[in-house]
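Here the structure comes first, spelled out in structure tokens, and everything after it is commentary.
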Amino acid sequence: MVNKKMRNPNHFHDEHYQCSGCGIDYEYDEVRDTWKCPDPDCNDYIEIYAEDANGTRARFLRKEAKEVEVGDLVKPLGGIITDFNEVYAIYPLKNGKLGFNLKEIGQRTFSVDDCITCRNGGAW
Ligand SMILES: [Zn+2]
């Protein structure tokens, strides 16, 4: 697997990281490039347990734009920790980017390796 950094991740006030496959806790420096488990036998998504400055908590994943699926709840804008938009459609654009049609905010364009924050379950 190519160990390439994802582009433009956004971060919350307080985060900790646990593999959704093997359940091991990791440090930011171990997961920040790919947001997948560093164990090559696992390589599952890292779950991010985040808390904002007001103590509101949410759980999410960071996927590359090309890994996002219709129905995912994504967070393209930053802002409130619990504020996500459902993906209605994903379509390739002529310039090699991906168009996302998102609930409430309409079309957004991403590079295939842009880092997309995806909601993964509720509070923790
Ligand atoms: Zn793992």
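The values are calculated or read from the model by the stated rules, or taken from the named source; none is laboratory data. Keep in mind the model is a prediction, meaning the values are calculated, not measured. So basically every Cβ, Gly included, is an ideal-geometry build from the backbone, and we count neighbours across all protein chains shown. All accessible areas refer to the heavy atoms of the entire protein, side chains included, with ligands and DNA or RNA removed. Shrake-Rupley method; radii C 1.70, N 1.55, O 1.52, S 1.80 Å.
The table below gives the values:
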read-out: Strands (runs of 3 or more DSSP E) completely within the range 1-73 that count 1 or more residues being of a type in the set (A, V, I, L, M), open to solvent by less than 50 Å² (accessible area, probe 1.4 Å) and free of Cβ contacts under 8 Å to residues at least 40 places away in the same chain; value: 46-51
read-out: Only one of VAL70, VAL31 that is more than 12 Å from the chain's Cα centre (by Cα) and within 16 Å of the ligand (Cβ to nearest atom); value: VAL31
read-out: Check on ILE81, away from the ligand (no atom under 16 Å from the Cβ) and aliphatic (A, V, I, L, M); value: yes
read-out: Any strands (runs of 3 or more DSSP E) falling wholly within the range 83-124 and containing at least 1 residues that are aromatic (Phe, Trp, Tyr); value: 85-92, 98-102, 106-110
read-out: Index of the failed condition, ILE46 passing every other in (1) under 16 Å from the mean Cα position of the chain (by Cα); (2) more than 16 Å from the ligand (Cβ to nearest atom); value: (2)
